[in-house]
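The values are calculated or read from the model by the stated rules, or taken from the named source; none is laboratory data. Predicted model, so just to flag it, every value in this text is computed and none were measured. Positions of Cβ are generated from backbone atoms using ideal geometry, with glycine treated the same way; all protein chains shown enter the neighbour counts. Just the protein is used for accessible areas: all its heavy atoms, side chains included, with ligands, DNA and RNA removed. Shrake-Rupley method; radii C 1.70, N 1.55, O 1.52, S 1.80 Å.
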Amino acid sequence: MTRIEPPITETSRPFWEASRDRRLMLQWCAACVRPVWYPREVCPRCFGSSLEWRPASGRGEIYAVTVEHKPQNPAMADLAPYTVVLVALEEGVRMLSSVVGMPPAAVRIGQRVQVTWEELPDGRNLPLFEPTGEE
């Protein structure tokens, strides 16, 4: 294993099931009609419990970035150096992930990215991001 496999909870199950088909999904609050990320039981804004899953564009821009040269988890050592990024998705939420397809030192704040997928051993796919080439 080179990446840490995220756990599946009852709340996150729809997200991970959609990832098997490489579909990025976000929860949306029916009460305040806003996206919610990470998967939760209630909306963090209005505390509504009527949340539904909707497709996401998978496009956004890098809001923050750091390069891990010495991972805290030894299982990730083979990937170092790698990026840890906070991606501001077009839908209005920020997702923690990594950028692939370019040297970590070249990743910069404001860079446009799109989702790409890395298959996990159990058939799920981990959402990562790659540059779009757009400025």
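Note the full-extension length gain between Glu41 and Ala64 as 0.36 nm times their separation in residues minus their Cα-Cα distance, in nm to one decimal.
Details: separation 23, 0.36 × 23 = 8.28 nm, distance 2.67 nm.
Full extension from Glu41 to Ala64 adds 5.6 nm.
Select from segment 1-54 those trypsin sites (Lys or Arg not before Pro) which occupy a DSSP coil region and have at most 11 other Cβ atoms within 10 Å, ordered by residue number.
Answer in residue order: Arg45.
How much mean residue ellipticity at 222 nm does the chain get from its helices, if each DSSP H run of length 4 or more adds -39500 (n - 2.57) and you divide by all residues, to the nearest 500 deg cm²/dmol?
Helix contribution divided over all residues of the chain: -1500 deg cm²/dmol.
Return a whole-number percent for the relative contact order of the chain, with Cα pairs under 8 Å and 6 or more residues apart as the contact set. Intermediate values should be presented prior to the final figure.
Numbers: 267 pairs, mean separation 30.0, N = 135.
About 22 percent, as a whole number.
Which of the GluC sites (Glu not before Pro) found in segment 1-48 are loop residues per DSSP with 11 or fewer other Cβ atoms within 10 Å of their Cβ?
Values: sites: Glu10, Glu17, Glu41; in loops: Glu10, Glu41.
Loop-located and lightly packed - Glu10, Glu41.
Compactness ratio of segment 1-64: Cα Rg over 2.2 N^0.38 Å, N = residue count?
Values: Rg = 12.9 Å, N = 64, 2.2 N^0.38 = 10.7 Å.
Cα-based Rg divided by the globular estimate yields 1.21.
Excluding Ala75 itself, what net charge comes from residues whose Cβ is under 15 Å from its Cβ, given Lys and Arg +1 and Asp and Glu -1? Write out the running numbers ahead of the final one.
Numbers: positive: Arg3, Lys70; negative: Glu5, Glu68, Asp78, Glu118.
It works out to a net charge of -2.
Note down the net charge around Arg34, summing +1 for each Lys or Arg and -1 for each Asp or Glu among other residues with Cβ under 10 Å from its Cβ. Each step should come with its number before you reach the end.
Details: positive: Arg45; negative: Glu91.
Result for the neighbourhood of Arg34: 0.
Suppose all protein chains stay in the model; what accessible area per residue would a 1.4 Å probe give for the chain, in Å²? Could you put the intermediate results ahead of the total?
Working: 7520 Å² over 135 residues.
The answer is 56 Å² per residue.
How many percent of the accessible area of the chain is carbon or sulfur, using a 1.4 Å probe? Kindly include the intermediate steps, with their values, before the conclusion.
Values: 3890 of 7520 Å².
Roughly 52 percent of what the probe reaches on the chain is carbon or sulfur.
Provide the per-residue ³J(HN,Hα) series for segment 8-14, in order, calculated from phi with Karplus coefficients 6.51, -1.76, 1.60 and θ = phi - 60°, each as a whole number of Hz, with x at glycine and proline positions.
9, 10, 4, 5, 8, 3, x
Gap in Å between the Cα centre of segment 106-132 and the Cα centre of segment 45-78?
If you average the Cα positions of each part, the centres end up 10 Å apart.
Return the label of the correct value of mean projected area of the Cα convex hull in nm², as calculated from the structure shown, out of (1) 10.9; (2) 14.0; (3) 8.4.
(3)
Can you pull the one-decimal nm distance between simple spin-label points at Leu79 and Glu52, each 7 Å off the Cα toward Cβ?
Label at Leu79, label at Glu52, 3.4 nm between them.
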